[in-house]
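Asker: Quick one: this structure, given as structure tokens, is what I'll be asking you about.
Just so it is clear, none of the values below were taken in a lab; they were calculated from the coordinates. Given the structure is predicted, the values throughout are model-derived calculations rather than measurements. When we count neighbours, we look across all protein chains shown, and the Cβ atoms used for this are built from the backbone with ideal geometry, even at glycine.
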Amino acid sequence: MARLTIKSSTEGDATVYVLGGSVTAGAGDVLVKGTKNAAKHCAFDWDDVILANSDGLREWSAFFGPFAAGREVVFRRCRPGVVASFNMIPACVKGGRVDSLYGAFFCPECRKEHDCLLVVGTDVKPEVGLVRELGCPWCGDGSPELNLPEDEFFQILRWGR
Ligand SMILES: [Zn+2]
């Protein structure tokens, strides 16, 4: 389990934080140090974070509550495992907004799995769930199904500020 890493860059007037490794014990220190000069608008990119455990998530939510106060914060590219953890702990997301996330899909046609990036507003809507057909990247056919009930998986989208 590689510890959490954080890299910052600027996108217009926003600070973008690319996270990597795992959100585990010690993540809080990394986050506090890594976000010292955060702008009012911030994005956290979760693409490279595969794992988050309960110690790490406790530290994340302790960090994120105060951090999000007075800021506009979006989450990008959250992986299914991280989404599942967030769904159990609303404090991880509260004060922020999810812009995009990966759903884990299974194709009944070719019986393969894949993660598909879903953009909120285009592919999925908070009160509706999936709003368009997403083809299978393996067989180009079929109607892949989300491996969890939509209601359950997309909970975090309904926890806006
Ligand atoms: Zn398929």
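Asker: Per-residue counts of other Cβ atoms within 10 Å, averaged by peptide: what ranking do you get for 102-112, 127-137, highest first?
Answerer: 102-112, 127-137
Asker: Report, in deg cm²/dmol and to the nearest 500, the calculated mean residue ellipticity at 222 nm for the chain, where each DSSP H run with n ≥ 4 adds -39500 (n - 2.57) and the sum is divided by the residue count.
Answerer: Here the helix-only value at 222 nm equals -6500 deg cm²/dmol.
Asker: For Lys36, go through the lysines and keep the ones whose alpha-carbon is under 19 Å away, minus same-chain ones fewer than eight residues off.
Answerer: Within the straight-line limit of under 19 Å, Lys36 reaches these lysines: Lys7.
Asker: Okay, next question. Let me see the P(r) profile for the chain: every Cα-Cα distance counted, bins of 10 Å, each bin given as a percent of all pairs.
Answerer: Calculated P(r), rounded to whole percents: 11, 40, 33, 14, 3.
Asker: Among Val131, Ser8, Gly121, flag the residue with its Cα farthest along the positive direction of the charge dipole of the chain, charges on Cβ as +1 for Lys/Arg and -1 for Asp/Glu.
Answerer: Towards the positive end, the residue furthest out is Ser8.
Asker: A follow-up question, please. So what's Rg/Rh here for segment 88-161, counting alpha carbon atoms and using the Kirkwood radius for Rh?
Answerer: A ratio of 1.01.
Asker: Quote to one decimal, in nm, the extra length available between Thr10 and Ser54 on full extension: 0.36 nm per residue of separation minus the C-alpha distance between them. Walk me through the numbers before you get to the answer.
Answerer: On the way: separation 44, 0.36 × 44 = 15.84 nm, distance 3.02 nm.
Here the segment from Thr10 to Ser54 would lengthen by 12.8 nm.
Asker: Ok, one more. So which aspartates and glutamates can Lys112 reach, going by Cα to Cα under 13 Å and dropping same-chain residues fewer than 8 places off?
Answerer: Lys112 reaches Asp141, Glu145.
Asker: Further question on the same structure: Take the alpha-carbon centre of segment 24-57, take the same for segment 98-137, and report the distance between them in whole Å.
Answerer: 25
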